[in-house]
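Participant: Okay, handing you the structure first.
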């Protein structure tokens with residue numbers, strides 16, 4: 001029977017589509033990367049999505065984040081994303097958590113109930129805890145190695161963390177994974193050397209923070225504020241979504 005996922009079914013078959021409908025995926029970080037991942041998963045027929053992010057939409061998000069518009073400024077990103085998901089697929093079961101994932105909040109989540117985990121957060125401590133918690137639960141995870149300060153969307157690729165090079169974040173994660181006895185980790189990364197952001201205080205969030213009222217972690221408190229574009233984080237997010245869908249559906253290309 002013709003339905004909204006029929007075009008997807010032509011590629012992955014009815015069994016693959018059924019697997020997606022029965023899957024629950026947790027996406028940590030609903031920003032430039034995670035926002036695109038979430039929408040692509042919803043449009044692919046994932047049956048249940050958990051969205052984890054404590055941030056609100058800010059004016060400076062409009063240049064790259066899918067759910068950021070003039071109308072959504074000041075709203076929680078997870079709430080906006082949930083509305084969008086349900087507009088696409090009302091049958092999707094969505095749970096939202098206005099939580100900043102770190103070791104002290106990790107106990108809120110039982111990774112054994114997830115079929116897949118997406119790491120789209122930007123703190124090293126949080127990433128390592130996510131990766132370790134997923135390993136301990138035996139749950140597949142894919143991790144974004146960052147899209148900030150990059151200009152070439154074609155340079156991103158999927159690899160095991162131990163096959164990465166050039167990327168500064170991947171180097172740190174690789175070293176820490178080895179310390180923790182983590183044998184493998186699927187990541188999306190780029191060998192493009194990061195662009196050094198301009199030091200222009202007239203447009204810097206350091207001195208001109210416009211975070212919406214109630215924002216828990218303002219830009220002035222962050223270690224660094226990377227430059228970003230509309231066309232890099234979106235590509236990373238869609239690559240991640242593609243890997244999740246193919247893995248969950250059991251898709252294998254046949255010639």
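The values are calculated or read from the model by the stated rules, or taken from the named source; none is laboratory data. Since this is a predicted model, take the numbers as computed values, not measurements. For neighbour counting, all protein chains shown are included, and Cβ atoms are generated from backbone atoms with ideal geometry for every residue, glycine included.
Participant: Can you tell me which residues in segment 58-67 are over 17 Å from residue 28 (Cα atoms) and either part of a loop (DSSP other than H, G, I, E, B) or touching a strand residue (DSSP E or B) at 6+ places or on another chain (Cβ under 8 Å) (or both)?
Facilitator: Passing the criteria: 58, 62, 63, 64.
Participant: Still on this structure: Between a first residue in segment 236-255 that is more than 17 Å from residue 17 (Cβ to Cβ) and a second residue that is part of a loop (DSSP other than H, G, I, E, B), which pairs have beta carbons less than 7 Å apart while being 6 or more apart in sequence or on different chains?
Facilitator: 236/147
Participant: Does residue 131 qualify as being within 22 Å of residue 24 (Cβ to Cβ) and either touching a residue at least 40 places away in the same chain (Cβ under 8 Å) or over 15 Å from the mean Cα position of the chain (by Cα) (or both)?
Facilitator: It is true that residue 131 is within 22 Å of residue 24 (Cβ to Cβ) and either touching a residue at least 40 places away in the same chain (Cβ under 8 Å) or over 15 Å from the mean Cα position of the chain (by Cα) (or both).
Participant: Identify the residue in segment 192-206 that is at pLDDT 75 or above and out of contact with any helix residue (DSSP H, G or I) (no Cβ under 6 Å at 6 or more places or on another chain) and, among all such residues, is surrounded by the most Cβ atoms within 10 Å (Cβ to Cβ).
Facilitator: 194
Participant: Return yes when residue 230 is at pLDDT 90 or above, loosely packed, with under 15 Cβ neighbours inside 10 Å and assigned to a loop (DSSP other than H, G, I, E, B) and no when it is not.
Facilitator: It is true that residue 230 is at pLDDT 90 or above, loosely packed, with under 15 Cβ neighbours inside 10 Å and assigned to a loop (DSSP other than H, G, I, E, B).
Participant: So which of 140, 153, 168 is over 26 Å from residue 39 (Cβ atoms) and either in contact (Cβ under 8 Å) with a residue 60 or more places away in the chain or out of contact with any strand residue (DSSP E or B) (no Cβ under 6 Å at 6 or more places or on another chain) (or both)?
Facilitator: Just a single option satisfies the conditions, and that option is 168.
Participant: Mind checking whether some residue in segment 76-87 is in a strand (DSSP E or B) and without any contact (Cβ under 8 Å) to a residue 24 or more places away in the chain?
Facilitator: Yes, there is a match, as at least one residue in segment 76-87 is in a strand (DSSP E or B) and without any contact (Cβ under 8 Å) to a residue 24 or more places away in the chain.
Participant: Shifting gears a bit: Among residues belonging to segment 233-247 that are over 16 Å from residue 65 (Cα atoms) and in contact with a strand residue (DSSP E or B) (Cβ under 6 Å, 6 or more places away or on another chain), point out the one that is surrounded by the fewest Cβ atoms within 10 Å (Cβ to Cβ).
Facilitator: Ranking the qualifying residues of segment 233-247, first place goes to 243.
Participant: Does residue 40 satisfy the criteria of being in a helix (DSSP H, G or I) and under 16 Å from the mean Cα position of the chain (by Cα)?
Facilitator: Taking the combined requirement at face value, the residue satisfies it.
For (1) more than 22 Å from residue 114 (Cβ to Cβ); (2) modelled with pLDDT of 95 or more; (3) surrounded by 19 or more Cβ atoms within 10 Å (Cβ to Cβ), each residue gets a yes or a no:
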residue	(1), (2), (3)
8	no, yes, no
12	no, yes, yes
55	no, yes, yes
61	yes, yes, yes
64	yes, yes, yes
70	yes, yes, no
81	no, yes, yes
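Participant: So which of 77, 98 ends up being surrounded by fewer than 18 Cβ atoms within 10 Å (Cβ to Cβ) and touching a strand residue (DSSP E or B) at 6+ places or on another chain (Cβ under 8 Å)?
Facilitator: After ruling out the rest, the residue left standing is 98.
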